1. Tell me, what is the 1.4 Å probe accessible area of Leu60, in Å² to the nearest 10?
2. Each label point is 7 Å from the Cα along the Cα-to-Cβ direction; what then is the distance between the points at Ser55 and Val144, in nm?
3. Between Ile27 and Thr10, what is the label-to-label distance in nm when each label sits 7 Å out along the Cα-to-Cβ direction?
4. If the chain between Ile122 and Val96 were fully stretched, how many nm would it gain, using 0.36 nm times the residue separation less the Cα-Cα distance?
5. Hey, rough spin-label estimate for Glu86 and Phe3, points 7 angstrom out along Cα→Cβ, what's it come to in nanometres?
Amino acid sequence: VVFWRTLLRTQLTQVLMPFRHILYSFIAIIFAGCASLSPVDQVHVNVVGIEQLPSEGMELRMGVKLRVQNPSDTPISFDGLALNLELRGQDFATGVSDAHGTIPRFGEAVLTLPVTVSAGAIVRQVVSFIGSTNSSGSTNFNYVARGKLGGTGFGTVRFESRGDLQLPGLKQPTTPSQ
């Protein structure tokens, strides 16, 4: 019995020896992959401008300028952008771009992204604006910009930015004084 047990153990060891190296290699790759997933500082994104673009049909096209700041010591390479813009708590505009580039380490870049505003979104905002009571006369609109800088593999960087926009040329209706 001992002879057969020793013989079986010896043959099993010889058969499994090549697989042991594969197992060690696999474990090393797993640890190297986990080490490369170190925490990355969150990018800072602000809407810094809006410009009108040529529109089609019943939609409005705008170019939204985003200032992207990279507070990390690693450059961020991106290949594609996506943005969803909420205005006054309602979906307003969406856009995508196949732009590509790199945000340098501890650097920033201004990216222009074309977005589309549907006629329904415009009507919702006008009705909401007329129906709201704004005694201060302010034409500031709070916004939430959510999006991503597309990357390869795990390289996609998502962002969210909140703030106030002053829309150019928009004046709050005034009531005549008596």
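1. The accessible area comes out at roughly 50 Å².
2. In this crude label model, Ser55 to Val144 measures out at 2.5 nm.
3. 2.7 nm
4. Extra length from Ile122 to Val96 when fully extended: 7.4 nm.
5. 7.9 nm
The values are calculated or read from the model by the stated rules, or taken from the named source; none is laboratory data. In this text the structure is predicted, and so the values were computed from the model without any measurement. All Cβ positions, even for glycine, are placed from backbone atoms using ideal geometry, and neighbour counts span all protein chains on display. Quick note on the areas: whole protein, heavy atoms, side chains included, nothing else; ligands and nucleic acids left out. Shrake-Rupley method; radii C 1.70, N 1.55, O 1.52, S 1.80 Å.
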